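Engineer: For reference, the structure I am asking about is given below.
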Amino acid sequence: MVRGKDATVLIFRTSILILLLTLASSLASEAAEVIRFKLLPQESQILTQVPNPFGIVNGKFTVREGEANGDIQDLQGTGQVRITIDAASYNSNIGLRDEDIQEYYLEVEEFPVIVFTSTGIEDVKKSQSPEKAWEFTIRGVLKLHGVERELRVPVKLTQEEKRITVKGKIKILFEDFNIATPVLLFIRSGNHTEVSFRFVAEQQP
């Protein structure tokens, strides 16, 4: 039989334990909060640079749609990204060349979209202040011209209120995706393109 004093101590200890468990559960729930962002195509951009004997050919693509999900406190464990690009949107302001690129190199009728799907987040460097960017590497699969290749893309992320901006660049070899090297006036251009991007996304309810 528990005496009055012992019963009081037991009740007190039990109450403290319940309080601690409740607090821990609440903190865990907050820490695991996954936020969803929807890409804003009109404010995002993908730029390409292809070297050739006459200089650099600058081009761009239009983003069709995309989203990013994750808990900022656990990007490696929760971060996910998916971007869909309209292959037929390629534009270098050189009309006939653009038509050739779309029809004979990207073959957009057969492969109308370019898709990047993340498979993991690595090398996270947390921002030390709201003004500075987070730095990390997105590991994922790029599906281009019917070929899937794993890529690692270093990026910088900044956040302003409910919007995030992600910037980065990567080099893509045409042969990795079974794309022939473009030819201009019987002269082959470079065998790769330098891709730089800026994605802007808005937090969703």
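The values are calculated or read from the model by the stated rules, or taken from the named source; none is laboratory data. Being a predicted model, the structure only gives us computed values, none of them experimental. When we count neighbours, we look across all protein chains shown, and the Cβ atoms used for this are built from the backbone with ideal geometry, even at glycine.
Engineer: Can you name the residue in segment 155-198 that is under 19 Å from Glu103 (Cα atoms) and in contact with a Leu (Cβ under 8 Å, 6 or more places away or on another chain) and is also surrounded by the most Cβ atoms within 10 Å (Cβ to Cβ) among such residues?
Structural biologist: Taking the candidates together, the pick is Ile179.
Engineer: Going residue by residue through segment 77-99, is there one that turns out to be of a type in the set (Phe, Trp, Tyr), out of contact with any Phe, Trp or Tyr (no Cβ under 8 Å at 6 or more places or on another chain) and in contact (Cβ under 8 Å) with a residue 24 or more places away in the chain?
Structural biologist: Within segment 77-99 (the criterion being of a type in the set (Phe, Trp, Tyr), out of contact with any Phe, Trp or Tyr (no Cβ under 8 Å at 6 or more places or on another chain) and in contact (Cβ under 8 Å) with a residue 24 or more places away in the chain), the answer is no, since none of the residues qualifies.
Engineer: May I pose another question? Failed condition for Gly66, given (1) in contact with a Gly (Cβ under 9 Å, 6 or more places away or on another chain); (2) under 25 Å from Gln203 (Cβ atoms); (3) not charged (D, E, K, R), with all others met?
Structural biologist: Of (1) in contact with a Gly (Cβ under 9 Å, 6 or more places away or on another chain); (2) under 25 Å from Gln203 (Cβ atoms); (3) not charged (D, E, K, R), only one is false for Gly66: (1).
Engineer: Still on this structure, I have one more. Does any residue in segment 143-166 that is more than 15 Å from Ile35 (Cβ to Cβ) come within less than 6 Å, Cβ to Cβ, of a residue that is basic (Lys, Arg) six or more places away or on a different chain, and which pairs are these?
Structural biologist: Close Cβ pairs (under 6 Å, with a partner that is basic (Lys, Arg)) amount to Arg152/Arg139; Lys156/Lys167.
Engineer: If a residue has to be touching a strand residue (DSSP E or B) at 6+ places or on another chain (Cβ under 8 Å) and part of a helix (DSSP H, G or I) to count, how many in segment 78-105 make the cut?
Structural biologist: The number of residues fulfilling the criteria is 5.
Engineer: Looking at segment 158-184, which of its residues are closer than 23 Å to Phe199 by Cβ and either outside the structural domain of His145 (by TED's automatic domain parsing) or among the charged types (D, E, K, R) (or both)?
Structural biologist: Glu160, Glu161, Lys162, Arg163, Lys167, Lys169, Lys171, Asp176
Engineer: Can you find, within segment 127-136, the residue that is farthest from Glu67 (Cα to Cα) among those that are surrounded by 15 or more Cβ atoms within 10 Å (Cβ to Cβ) and not hydrophobic (A, V, I, L, M, F, W, C)?
Structural biologist: Per the stated criteria, the residue is Ser127.
Engineer: Can you tell me which of Val63, Val141, Val108, Val124 is surrounded by fewer than 17 Cβ atoms within 10 Å (Cβ to Cβ), touching a helix residue (DSSP H, G or I) at 6+ places or on another chain (Cβ under 6 Å) and outside any helix (DSSP H, G or I)?
Structural biologist: None of the others qualify; the one that does is Val124.
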